[in-house]
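For reference, the structure discussed in these notes is given below.
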Amino acid sequence: MHTTRFPIAATGATIPAIGMGTFGSDHIDHEVMAQAVRTALKIGYRNIDCASVYGNEKEIGAVLGASGIARNELWITSKVWNDSHGKANVIKSAKQSLIDLGLEYLDLYLVHWPVPNFHPPHCSVDSRSPDARPFILEEFMDTWAGMEALVKEGVVRHVGTSNMTEAKLKLVLPQCTVRPLFNEMELHPTFQQRDFVSYIKGEGIIPIGFSPLGSPNRPERDKTEEDLVDMEHPIVVQIAKRHNVHPATICLKWAHQNGIIPIPLSTKERNLQSNFEAIVSDPLTDEELLLLRDVESNNRLIKGQVFLWEGATGWQDLWDEDGIIAR
Ligand SMILES: NC(=O)c1ccc[n+]([C@@H]2O[C@H](COP(=O)([O-])OP(=O)(O)OC[C@H]3O[C@@H](n4cnc5c(N)ncnc54)[C@H](OP(=O)(O)O)[C@@H]3O)[C@@H](O)[C@H]2O)c1
């Protein structure tokens, strides 16, 4: 696979095959992020991954507006935050994102997490919202009804999920009148989620890979001593040496050649440039792709502890690894 845009069978639209992330992990100033988006657009990025909870949609909107780039060349994603679940709140939140981003429509709107549990910025790993609860299908479908209404109104072109699991999607998909066409999920060489990716592709859902470089600057609350570092993995480093590139480039080639749309974040022009170029030149060989399969280590980095509820046994409860939804 080697393309700069990715076809979406269900709608006939195309999505740029690499995007730019805009989550400042609680430490990047909104103006700094907006400046990075300005630089990214200059380089050629046309796919920007936003979210209301990142708190910087206004600043990014100002950059989009001043860019002079035709709206139909851009792909803008936003997400409804966990404190705005439920049909009416979803619609209200999308409209606020449209105002902040200065847009008449979103290319993609995602349910950021399948549970309505949220946390304050800069919180510790032990923080829990008092009314946090496990996944409840009826509640999720009410939230999804808001997503469907936005598509019917024409202010959102595609809808999708994020941080979903196969077990939850199996319950949700039969009840949708407008299907999710994307799932944004953690994907990098040490966390490949091959079975889940294969399942969603089979359902016509395109994987968007977040933290594609292994999120080295993720919030402190998301770091544990056991976490592996993708860009330091010996196989990734060895292949990077062969191609004479930074290991980041190998992580992005791996995503692209596995049918994943990566959305790396950078605030540095040099990194934005090399990340953008990663998917269009010097592809990995079949042998290198095989070698990279062995890098898989079930190394989930964004574990989501702060989204747990009273009575949950651990962060694994969010991910239904045994195929059973934790209650
Ligand atoms: N849906 C969700 O729940 C969810 C969760 C997490 C993330 N996301 C999205 O995914 C995006 C990306 O994930 P992420 O920000 O967690 O992590 P990431 O993209 O894996 O890593 C970003 C970090 O890597 C560094 N970096 C970027 N390019 C580099 C290069 N070429 N060489 C060396 N270092 C490089 C950046 O630092 P510099 O600025 O110094 O380059 C930045 O600190 C987010 O920004 C957000 O939009 C979504």
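The values are calculated or read from the model by the stated rules, or taken from the named source; none is laboratory data. No experiment lies behind these values; they were computed from the predicted model shown. Note: ideal-geometry Cβ built from the backbone for every residue, glycine included; neighbour counts use all protein chains shown.
The numbered conditions (1) touching a helix residue (DSSP H, G or I) at 6+ places or on another chain (Cβ under 9 Å); (2) surrounded by fewer than 19 Cβ atoms within 10 Å (Cβ to Cβ) are all true for ASN298 except (1).
Look at the stretch 230-247 and say how many of its residues are on the phi < 0 side of the Ramachandran plot and more than 10 Å from the ligand (Cβ to nearest atom).
So in the stretch 230-247, the residues on the phi < 0 side of the Ramachandran plot come out as 230-243, 245-247.
Pick out the ones that are also more than 10 Å from the ligand (Cβ to nearest atom) and you get 232-243.
Of the residues in the stretch 230-247, 12 are on the phi < 0 side of the Ramachandran plot and more than 10 Å from the ligand (Cβ to nearest atom).
Filtered by the rule that a residue be among the small types (Gly, Ala, Ser) and at pLDDT 90 or above, the stretch 1-30 gives ALA9, ALA10, GLY12, ALA13, ALA17, GLY19, GLY21. When the stretch 206-234 is filtered for residues that are touching a Gly at 6+ places or on another chain (Cβ under 8 Å) and assigned to a helix (DSSP H, G or I), the ones remaining, listed by number, are ASP230, MET231. Of the numbered criteria (1) in contact (Cβ under 8 Å) with a residue 40 or more places away in the chain; (2) out of contact with any strand residue (DSSP E or B) (no Cβ under 8 Å at 6 or more places or on another chain), the one GLY68 fails is (1).
In the stretch 228-257, the residues that are at pLDDT 95 or above form Cβ pairs under 8 Å with partners that are near the ligand (Cβ under 9 Å from one of its atoms) and of a type in the set (D, E, K, R), at six or more places apart or across chains, as follows: VAL236/ASP230; PRO247/ASP230; CYS251/ASP230. Among the residues making up the stretch 121-159, those that are among the β-branched types (Val, Ile, Thr) and assigned to a loop (DSSP other than H, G, I, E, B) are VAL125, ILE136, VAL155.
Residues of the stretch 161-180 that are of a type in the set (A, V, I, L, M, F, W, C) and either surrounded by fewer than 22 Cβ atoms within 10 Å (Cβ to Cβ) or at pLDDT below 95 (or both): ALA167, LEU169, LEU171, VAL172, LEU173, CYS176, VAL178.
Would you check if there is a residue in the stretch 187-206 being farther than 28 Å from LEU291 by Cβ and surrounded by fewer than 21 Cβ atoms within 10 Å (Cβ to Cβ)?
Initially, the stretch 187-206 is screened for residues farther than 28 Å from LEU291 by Cβ, giving 203-204.
Of the ones still in play, those that are also surrounded by fewer than 21 Cβ atoms within 10 Å (Cβ to Cβ) are 203-204.
The answer is yes; a qualifying residue exists.
Conditions (1) more than 10 Å from the ligand (Cβ to nearest atom); (2) over 26 Å from HIS122 (Cβ atoms); (3) buried (at least 17 other Cβ atoms within 10 Å of the Cβ), marked per residue:
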residue: ALA17; (1), (2), (3): yes, yes, yes
residue: GLU31; (1), (2), (3): yes, no, no
residue: GLN35; (1), (2), (3): yes, no, no
residue: GLU57; (1), (2), (3): yes, no, yes
residue: ALA70; (1), (2), (3): yes, yes, no
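Just one of the listed residues (VAL245, VAL295) is in a loop (DSSP other than H, G, I, E, B), among the hydrophobic types (A, V, I, L, M, F, W, C) and farther than 30 Å from HIS112 by Cβ, namely VAL245. A search for C-beta distances below 6 Å between a residue of the stretch 98-110 that is under 10 Å from GLU57 (Cβ atoms) and any residue that is at pLDDT 95 or above, counting only pairs 6+ apart in sequence or on different chains, returns ASP100/GLU57; ASP100/LYS58; ASP100/GLY61; LEU101/GLU57; LEU101/GLY61; GLY102/GLY61; GLY102/GLY65. Taking the conditions (1) at positive phi; (2) within 16 Å of the ligand (Cβ to nearest atom); (3) surrounded by fewer than 22 Cβ atoms within 10 Å (Cβ to Cβ) in turn, SER211 satisfies each one other than (3).
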